[in-house]
Structures are given as structure tokens and as C-alpha cells.
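The values are calculated or read from the model by the stated rules, or taken from the named source; none is laboratory data. If you're wondering where the values come from, they're calculated on a predicted model, not measured in any experiment. No Cβ is skipped: glycine too gets one built from the backbone with ideal geometry, and neighbour counts run over all protein chains shown. Each accessible area value is taken on the protein alone, full model and side chains, heavy atoms only, with ligands, DNA and RNA left out. Shrake-Rupley method; radii C 1.70, N 1.55, O 1.52, S 1.80 Å.
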Amino acid sequence: MLLDIEDSQLVLVDYQERLMPALLDGPVVLANAVRLAQLAALLRVPTFATEQNPSKLGGSVPELAAALQQAGARVLSKMQFSAVEEGLGEWLRPEPKPVQGNARSLPKHLQKPPPGSEPRGTIVLAGCEAHVCLLQTALDLMEDEFEVWVVTDACTSRTERNRDAAFDRLAGAGAELVTTEMVAFEWIRSAEHPDFKAMQALIK
């Protein structure tokens, strides 16, 4: 099973100014998060980010904030560790718009949503800390029947043990564990894709 770009949304969790310096492999992880946001901007994948208690931990790291702006991302400020508890699920699966025109007279089961309005059910997820906010958000998303793909080389915690324990638990719960390059090549699928060279430039 490969990632389907048409069904994908990207969520980046808590890459914040006062948090990143304390985390294992922070610069590498942040660079991959920036790549993911840039890929999403290039390929027009809906993008969201979260910030945990930003008054204390600061906003998103500037280089990521710039990539998020390029991607047109919405940013959710939160106090709960799980972003789903703060309304992320409603952002990812918004209520359908009312059917316009004569279709309203049809019975509800015959009213078809307009093309392209069906919610995207695959969440490409990465963030910090892997064993806290990322884990709780991922488990709640799966509880809400989203498919969750965790980008492992864009996730971290303060310690390797906590990070790896999060990956073990996520895999056991049914999340797919992938890397930034896996996401890039599965979103593109072919060397003939018009954005293939631009994608390559981002991941090199």
C-alpha cells in the first residue's frame, strides 16, 4: 500500500523555538520537517501545524514557519497534548458544505457532494515530542478513523528511548512508519511527474 497524494494531508506537530534545542538530533529532524512542508507546498497537499503552549515554548522555528506560510498552512495553538482534543479533527474533516441548487430536493442518500469535496482520510504526521504530543495526536486520529503515516526521520524526543518507544507503540496501534523520502517518492510516483526535478532538489 502506497501513499495516495489525492487522499493526503500533512500535519506537523510542535517544532517550536524553545523546544527544539533540547531534542535529540533536533537540526536533522527540523530539516526533514521543513522538507515535508516544502513538498506539500510544491504538490499542493493541505498542510496543518500545531504549537503547544506557544506563550511559553515560542512559535514554530522560523525556517519551518516560512515553509508553512508557503504551503498555506493553518496553525493550531493548543494546551492539550493531543491536537485532536483541541479541534484538529474538525480541521482535517470539515463539515460538508450544504448542497446548492435543485439537488437539495433529493433525498439525503442521493445527494452527492461536489467533486473534490470528499475529506482526505490519510494523515502524514511528524513532530515532537514523539512520545507525548505526536503519539497522543496520532492515537486520537486513528480512533477517529484516519489512516496515520508517521514520518520517523522528522520526529524526535529528548531521549532515544522515549522516541523509539513511541515508534513501537504507534506501529503496534496500526500507524505506518515511513521516512521523508518515502513520502516524497510515493506522492510523486514517477520520474515523469512534472514536479519530479523540483522534488529531487528539495530532498538532496
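Taken as a whole, the structure places Lys108 among residues that are at pLDDT below 95 and not aromatic (Phe, Trp, Tyr).
Within the range 48-60, being of a type in the set (D, E, K, R) and part of a helix (DSSP H, G or I) holds for one residue alone: Lys56. If the condition is being without any contact (Cβ under 8 Å) to a residue 60 or more places away in the chain, open to solvent by less than 30 Å² (accessible area, probe 1.4 Å) and not polar (S, T, N, Q), then the range 74-94 contributes Leu76, Lys78, Gly87, Gly89.
Taking the listed residues Val34, Val45, the one that is among the β-branched types (Val, Ile, Thr) and not in a loop (DSSP other than H, G, I, E, B) is Val34, with no other qualifying.
Quick check on my filter: what residues within the range 31-55 are of a type in the set (Gly, Ala, Ser) and surrounded by 22 or more Cβ atoms within 10 Å (Cβ to Cβ)? If the condition is that a residue be of a type in the set (Gly, Ala, Ser) and surrounded by 22 or more Cβ atoms within 10 Å (Cβ to Cβ), then Ala33, Ala37, Ala40, Ala49 are the ones that fit.
Being touching a Leu at 6+ places or on another chain (Cβ under 9 Å), open to solvent by 60 Å² or more (accessible area, probe 1.4 Å), at pLDDT 95 or above and not β-branched (Val, Ile, Thr) narrows it down to one residue among Leu170, Leu177; which is it? After applying the criteria, what remains is Leu177.
All told, Val99 meets the bar of being out of contact with any Leu (no Cβ under 7 Å at 6 or more places or on another chain), modelled with pLDDT under 95 and among the β-branched types (Val, Ile, Thr).
Apart from one condition, Glu85 fits all of (1) in contact with a helix residue (DSSP H, G or I) (Cβ under 6 Å, 6 or more places away or on another chain); (2) part of a helix (DSSP H, G or I); the exception is (1). When you look at Leu134, is it aliphatic (A, V, I, L, M), modelled with pLDDT of 95 or more, under 18 Å from Ala40 (Cβ atoms) and surrounded by 17 or more Cβ atoms within 10 Å (Cβ to Cβ), yes or no? Yes. Residue selection: Ala198 satisfies the criterion of being more than 16 Å from Ala31 (Cβ to Cβ), surrounded by 13 or more Cβ atoms within 10 Å (Cβ to Cβ) and in contact (Cβ under 8 Å) with a residue 24 or more places away in the chain.
Restricting to the range 1-30, and then to whatever is part of a loop (DSSP other than H, G, I, E, B), at negative phi and touching a Gly at 6+ places or on another chain (Cβ under 9 Å), can you tell me which residue is most open to solvent (accessible area, probe 1.4 Å)? Of everything passing the filter in the range 1-30, Arg18 is most open to solvent (accessible area, probe 1.4 Å).
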